[in-house]
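Q: Here it is, the structure in full.
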Amino acid sequence: MLIYMPDSYSKNSPSSKRALFLDRDGVINKEVNYLYKIEDFEFIDGIFDLCKSAIEYDYRIIVATNQSGIARDYYSEADLEKLTRWMMREFAEHGIEISSVYACPHLTDCQARKPNPGMLLQAQKDFDLDLSQCIFIGDKERDMEAGLRAGIDNLILFSENVSAPEKLDSKIDIVSSLNQAKEKLFNEE
Ligand SMILES: [Mg+2]
Ligand SMILES: [Zn+2]
């Protein structure tokens, strides 16, 4: 498992046991097959506002992403590191600290690769999280499965063309925009 953390954490970094977990491709950036070039990375509308709200509500931001393009030799670990550091700086410029990015470079047989929960469990250890209070937003059922298996109770499936899968766990909500996710999660009465 590859782990990218900032060089230092800002003083006001949340000490919270809660995290908003984000899948990367299809949640933070528009889906591009085996994306590794900065110029192909396009942020999805609403991602920065969503993260700002999460931080206001005392959630850390953590990214968990399958990156089998490395196992497939489409790009290298160095490519992923470069893109990830750039992405973290873009968030920082919006005032958003990403606590950590976890990436599984493998294709098979890895406990980190979603739908396995390994990356989420590693984050739990690294930040002493209470997973039952965490949120996971993903765009694939395998994200939801990883979240359920890690014990995360608050799961959001983000799909711009909402066609609900046949059987969804009651812990999963479906949204068609990140703004809708923000309203659902962080809209205090
Ligand atoms: Mg995805
Ligand atoms: Zn792996």
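The values are calculated or read from the model by the stated rules, or taken from the named source; none is laboratory data. Treat the numbers as computed from the prediction; the structure is a model and nothing was measured. Positions of Cβ are generated from backbone atoms using ideal geometry, with glycine treated the same way; all protein chains shown enter the neighbour counts. The area values use the complete protein model at the heavy-atom level, side chains included, leaving out ligands, DNA and RNA. Shrake-Rupley method; radii C 1.70, N 1.55, O 1.52, S 1.80 Å.
Q: Separation of region 72-88 and region 1-30 by C-alpha centroid, Å?
A: The distance from the Cα centre of region 72-88 to that of region 1-30 comes to 16 Å.
Q: For the chain, what is the calculated [θ] at 222 nm in deg cm²/dmol (nearest 500), taking -39500 (n - 2.57) for each run of four or more DSSP H residues and dividing by its residue count?
A: Value at 222 nm, helices only: -9000 deg cm²/dmol.
Q: Using bins 10 angstrom wide from zero, how does P(r) for the chain break down, in % of all Cα pairs?
A: Final binned percentages: 9, 40, 40, 11, 0.
Q: At 0.36 nm per residue, and after removing the present C-alpha to C-alpha distance, how many nm does the segment from Glu81 to Tyr34 gain when stretched out fully?
A: This chain segment gains 15.5 nm when fully extended.
Q: Okay, moving on. What are the membrane-span-like helices in the chain by this rule: whole DSSP H runs, Cα extent along the axis at least 20 Å, mean Kyte-Doolittle hydropathy at least -1.0?
A: 77-93
Q: Could you work out the relative contact order of the chain? I mean the mean sequence separation of Cα pairs under 8 Å and 6+ apart, divided by the number of residues, in percent.
A: 25 percent
Q: In bins 10 Å wide, starting from 0, what share of all Cα pairs of region 1-99 does each bin hold, as a percent?
A: Histogram of Cα-Cα distances, whole percents per bin: 14, 50, 29, 7.
Q: Sticking with this one: Among 139-145, 171-177, how do they line up by average Cβ neighbours within 10 Å per residue, starting with the highest?
A: 139-145, 171-177
Q: What is the sum of charges, Lys and Arg at +1 and Asp and Glu at -1, for the other residues whose Cβ falls under 14 Å from the Cβ of Arg89?
A: That works out to -3.
Q: Considering only protein heavy atoms and a 1.4 Å probe, what is the carbon-and-sulfur percentage of the accessible area of region 2-184?
A: Ligands and nucleic acids excluded, carbon and sulfur give 42 percent.
Q: Determine which lysines satisfy two conditions relative to Lys82: a Cα distance under 20 Å, and not lying fewer than 8 residues away in the same chain.
A: Filter leaves Lys30, Lys37.
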